[in-house]
Amino acid sequence: MMRNILLSSVVLFFAPVMRAQRLPWVFPGDFRERIRLSDLVVSGIVEENSEAGTEFVDRIELIANSAHFRVDRIFQGHCSSELQFKWFRLWSPVGKGMVYSGPPVANFGTHERYLIFLKKSDKGWVVAMPVYALHAKLAPAPTSNAIQDLSSAPLQARYQALAEELETAALKVQNPPPGMTGEAATYFSAVFDLIGACAEPFYRHFESSPSRELRDAATEWLGVINRHHATCVQTPRQ
């Protein structure tokens, strides 16, 4: 079955000294694991970003950033309509280059809408895991019939709502240039993790894509469903 790759360690090399440093965090191999890691799962818009100096997290020195976030949907946990959260970027010593090998790293753009995964600390909200990009970029606004607060909904209903957000984001991505799979395919694994065989109509949409690479990626996920003889069990809408 196609999955994100579990990485138990990621290596940074600093030049010219070329000193290797391993990051201690394990990137989730399943999208549901991001939810299990988190105290708060919400969608909304990053309205402002600002650097907040450097900070040691698990004995690794990182660049801390503070984001002002306007919440439009809650999938897990409880919060107000606006919040501040801290996220981190990799830091390299002055005068030394850095070569990174590992999963995508966090990079929140202002005025962009995201699904974010947070934990509560004694200083406020912070990303559920440092450095790595656990978040997902979403469509500019939720659909008109989207329920704002799903924190009390059954877990499967929340999975369905999250999958719909990801599907909507993928369907709004422009067709990729020739020879490239494009950004839409980056949502394929997450949607399958959340709703399994119920993602079949989503993948079939991309069978008519002008991009051969994108068509092939969708076909691979349809093959996963077929090989496992998976069936869709629909969750009633909340």
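Numbers for the structure displayed
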quantity: Helices (runs of 4 or more DSSP H) completely within the stretch 125-237 that count 1 or more residues being modelled with pLDDT of 95 or more and of a type in the set (Val, Ile, Thr); calculated: 155-171, 188-195, 212-227
quantity: Meets criteria (under 16 Å from the mean Cα position of the chain (by Cα), modelled with pLDDT of 95 or more and not in a loop (DSSP other than H, G, I, E, B)) for Phe117; calculated: yes
quantity: Which listed residue is in contact with a helix residue (DSSP H, G or I) (Cβ under 6 Å, 6 or more places away or on another chain) and either farther than 16 Å from Val42 by Cβ or not basic (Lys, Arg) (or both), from Ala163, Ala146; calculated: Ala163
quantity: Strands (runs of 3 or more DSSP E) enclosed by the stretch 37-105 - at least 1 residues per element that are surrounded by 18 or more Cβ atoms within 10 Å (Cβ to Cβ) and at pLDDT 95 or above; calculated: 40-57, 60-76, 82-90
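The values are calculated or read from the model by the stated rules, or taken from the named source; none is laboratory data. Since this is a predicted model, take the numbers as computed values, not measurements. When we count neighbours, we look across all protein chains shown, and the Cβ atoms used for this are built from the backbone with ideal geometry, even at glycine.
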